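Have a look at the structure below, then the notes.
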Amino acid sequence: MKLRRLLSGETVRLNALTKDDIERMLGWEEHSDFKRLGSSNPAAPWTQGRTEKWLEELDESSDEYYFAIRAVRDSVLVGVISIDEIEWTHGTAQLGIGIGEARDWGKGYGKEACRLALDFAFHELNLHRIGLGVFAYNDRAIKLYESLGFTREGVERESIYRDGERFDQYLYGLLRSDWSA
């Protein structure tokens, strides 16, 4: 059996978010593209106080894991990935990811971070199923999730309202038996 470092890959490693990450994360919150690709909420930035409170609450939670995505080459924070809404009884959870700066998109950071997080979810947390939702206009994310083996299981028709238009949200799922990282 080949042993691998937990949560560490060729280009990224996943570890805890810290207060030192807040300033960089708040910078991402000011970019509407980042906000609109990952959240259905209005694209309003978070405050430092709200972000600090959120980080403190994460430390006390037993049904969500949020990780910093750091580039191996320089340890710079490039994104955040989560396994949350865990239902331990059923062995299910939701996956979420955001790569903060557009200059870091398309470099493979998201794909490797997802692989590491899915390995963690299935092999460390012993989860059975991971689900996620993605907006129909987020072509890059759809391609990523399908390349990882996620199956489109449903559509929430016209559930997202952006700039005067309605968009679908696609629901995806991945079972542990289908995972081959």
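The values are calculated or read from the model by the stated rules, or taken from the named source; none is laboratory data. Quantities reported herein were computed from a predicted structural model and do not represent experimental measurements. A quick note on method: Cβ atoms are made from the backbone with ideal geometry, for glycine too, and the neighbour counts reach across all protein chains shown.
Within region 64-99, restricting attention to residues that are among the acidic types (Asp, Glu) and more than 14 Å from Glu10 (Cα to Cα), which residue is nearest to the chain's Cα centre (by Cα)?
If we take residues in region 64-99 being among the acidic types (Asp, Glu) and more than 14 Å from Glu10 (Cα to Cα), then Asp84 is nearest to the chain's Cα centre (by Cα).
So which of Tyr145, Tyr172, Tyr161 is in contact with a Gly (Cβ under 9 Å, 6 or more places away or on another chain) and among the aromatic types (Phe, Trp, Tyr)?
Tyr172
So which residues in region 65-92 are closer than 16 Å to Tyr109 by Cβ and part of a loop (DSSP other than H, G, I, E, B), if there are any at all?
Val72, Arg73, Asp74, Ser75, Val76
Residue by residue through region 58-74, note down the ones that are modelled with pLDDT of 85 or more and loosely packed, with under 12 Cβ neighbours inside 10 Å.
Asp63, Arg73, Asp74, listed by residue number.
Mind listing whichever residues of region 132-181 are assigned to a loop (DSSP other than H, G, I, E, B) and hydrophobic (A, V, I, L, M, F, W, C)?
Taking region 132-181 and keeping what is assigned to a loop (DSSP other than H, G, I, E, B), we get 136-138, 148-150, 163-164, 179-181.
Across region 132-181, the qualifying residues are Ala136, Leu148, Phe150, Trp179, Ala181.
Restricting to region 153-174, what's the tally of residues that are of a type in the set (A, V, I, L, M) and surrounded by fewer than 15 Cβ atoms within 10 Å (Cβ to Cβ)?
1
Report the residue count in region 116-136 for those that are under 11 Å from the mean Cα position of the chain (by Cα), under 22 Å from Arg70 (Cα atoms) and not aliphatic (A, V, I, L, M).
0
Of all the residues that make up region 152-181, how many are closer than 19 Å to Glu87 by Cβ, at pLDDT 95 or above and not charged (D, E, K, R)?
7
Please go through region 98-111 and pick out each residue that is part of a strand (DSSP E or B) and touching a residue at least 40 places away in the same chain (Cβ under 8 Å).
Gly98
Which one is surrounded by the most Cβ atoms within 10 Å (Cβ to Cβ) among residues in region 100-123 that are closer than 14 Å to Ser8 by Cβ and among the aliphatic types (A, V, I, L, M)?
Taking the candidates together, the pick is Ala113.
Within region 137-157, take every residue that is among the β-branched types (Val, Ile, Thr) and closer than 20 Å to Ser39 by Cβ and give me the one that is farthest from the chain's Cα centre (by Cα).
Val155
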